[in-house]
Amino acid sequence: LPAGLSQWFPALEVLDVSGTGLAEMGTELLSLPCLHTLLAKNNRLGGPGSLPKGLGQAPLARSLRVLNLSGNRFSEVPPALLQLRGLRSLSLGGNRLHGIPPDIQELQSLEFLYLGGNFITAIPPELAKLPSLRYLVLCDNKIQSIPPQLAQLHSLRSLSLHNNLLTYLPREILNLVHLEELSLRGNPLVVRFVRDLTYNPPSLQELAGRTVKTRNVPYAPSDLPDSLVRYLSLASNCPNPKCGGVYFDSCVRQIKFVDFCGKYRLPLMHYLCSPECSSPYSSASQSSTSQSESDSEDEASVAAHRMQKVLLG
Amino acid sequence: MEQPVQTETWKARSLEELVRILHQIFAEDKVSVDEVQALMESYESNPEEWLQYAKFDQYRYTRNLVDSGNGKFNLMILCWGEGHGSSIHDHTDSHCFMKILQGNLKETLFEWPGKKGNGEMTKKSERVLRENQCAYINDSIGLHRVENISHTEPAVSLHLYSPPFNTCNTFDQRTGHKHKVTMTFYSQFGERTVCVSTICGGPH
């Protein structure tokens, strides 16, 4: 950035330095107290000095709302960026990112996050801690699975996942009640029912732990070694709302296809505490009652109504 | 549309002139596809002339009506944000011309699915259309998906449909199942359409 920029234009609100070959932003940024929009796409940013030191303490950290760094060479999200607490819109599309840092949750005001066209392989569950996120773009990456926590993004209106490596989705995705757009094309979504054949039976410790928890067997820290007290505290409730069981390490994965208005079938991954767990999504190969099948259809059709646009993915 | 005896070679020097010549062409009984395509291509995109119609939406591409062609055609501008794309769709027995005004759009052609519609749809071809290029499609040619594959640049395209239509079918690439949808305009003649602005939503 040209020296003296902040002296000559102290009231600068919008700065567009896209396509200028910039490799470093420089300290002039730190002295622009009114800057709310910074567009720096298609440059050579990405090296260690791309963003100036002290960004978190600069007025920019509170004033900046929109940052576009698409089409640069970032191989990781620069930590300095995560100090821009006022940021509402961030684009890092078309860079060389291999992952998303868990500290992305620091950007609590974020509403728009564009990360399409990178090399991202996984999504940290911390991404779900962004309460205002409305638009999340993860298309054209190498993502293999979606963490179920993503369903906690209550404000999400649009989720772009096309052209990734997804084979299934977590069933929690149906909880995104405000979702209007969901793109899934170009993913190797499984089309046939897959039964998890490699279920490892629970250990004796797990079985004992399950019994303690489900029967409410009373115990005090003085009754057990510390390690077992810790183990018991890690019990997870069976995700099946109709089952009161718990599990520790051993659970069954099962894929159930949910029909959206009879035209589009999404493979959704369910976790159950055991193959015998009487899930509304129990497999076709077990003798499922017609009641539980229609239960699942009711739940699915309500969700389908909400997510009709997924049909067009 | 059939080939008339003489095909004019038009040059539209502005968007206004393009619209005027289109009205002239479509006033006739017979209209030539090649003539319209050449006319559309001859117009050199000038953002000043169409910026008022180019209203972008954050979440999806928008359709902005420019001219309703005396009922013979619809001329509209589509605005595609980074990563925005359409579903695979047909054109309800109409002619469709698509000219790039800014940026690039990828067009992927698909074969019509078989009667059963129980398999992955077949891709015929794909290409990236550049600024000022004009593509043409109708149902006998096939189906297509249009998308802005850029992660850094928005795209703007000018579409002509004749006769005008407001419903079409969208297709699921994995199964070939089709689903009828109603399309609406994000804006008309430069004014934002206040009511329902879903593009390919449910019945509205």
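The values are calculated or read from the model by the stated rules, or taken from the named source; none is laboratory data. Worth saying up front: this structure is predicted, and the values here are computed from it rather than measured. Cβ atoms come from the backbone with ideal geometry, glycine included; neighbour counts cover every protein chain shown.
Strands (runs of 3 or more DSSP E) fully within region A:52-136 that include at least 3 residues being closer than 19 Å to A:Leu30 by Cα: A:66-68. Checking the stated criteria, A:Leu161 turns out not to satisfy the condition of being in contact (Cβ under 8 Å) with a residue 12 or more places away in the chain, away from every other protein chain (no Cβ under 14 Å) and over 14 Å from A:His98 (Cα atoms). Screening B:Leu18 on (1) part of a helix (DSSP H, G or I); (2) over 17 Å from the mean Cα position of the chain (by Cα) shows it passes everything except condition (2).
Are any residues in region A:147-171 crowded, with 23+ Cβ neighbours inside 10 Å and either among the β-branched types (Val, Ile, Thr) or assigned to a strand (DSSP E or B) (or both), and if so, which ones? Those that are crowded, with 23+ Cβ neighbours inside 10 Å and either among the β-branched types (Val, Ile, Thr) or assigned to a strand (DSSP E or B) (or both): A:Leu159, A:Ser160, A:Leu169.
The single condition from (1) over 30 Å from A:Gly94 (Cα atoms); (2) among the basic types (Lys, Arg); (3) at pLDDT 95 or above that B:Arg127 fails is (1). Note on region A:64-81: residues that are over 16 Å from A:Glu111 (Cβ atoms), modelled with pLDDT of 95 or more and surrounded by fewer than 18 Cβ atoms within 10 Å (Cβ to Cβ) amount to 3. Out of everything in region B:21-50 that is exposed (fewer than 13 other Cβ atoms within 10 Å of the Cβ) and either in a helix (DSSP H, G or I) or in contact with a strand residue (DSSP E or B) (Cβ under 6 Å, 6 or more places away or on another chain) (or both), what residue ends up being farthest from the other protein chains (Cβ to nearest Cβ)? Selected residue: B:Gln24.
Okay, residues lined up against (1) modelled with pLDDT of 60 or more; (2) in a loop (DSSP other than H, G, I, E, B); (3) among the hydrophobic types (A, V, I, L, M, F, W, C); (4) crowded, with 20+ Cβ neighbours inside 10 Å:
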site: A:Ser222; (1), (2), (3), (4): yes, yes, no, no
site: A:Ile255; (1), (2), (3), (4): yes, no, yes, yes
site: A:His270; (1), (2), (3), (4): yes, no, no, yes
site: A:Ser283; (1), (2), (3), (4): no, yes, no, no
site: A:Gln286; (1), (2), (3), (4): no, yes, no, no
site: A:Ala303; (1), (2), (3), (4): no, no, yes, yes
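Looking for something among the basic types (Lys, Arg) and within 14 Å of chain B (Cβ to nearest Cβ) - is there at least one such residue anywhere in region A:113-133? No, the conditions are met nowhere in region A:113-133.
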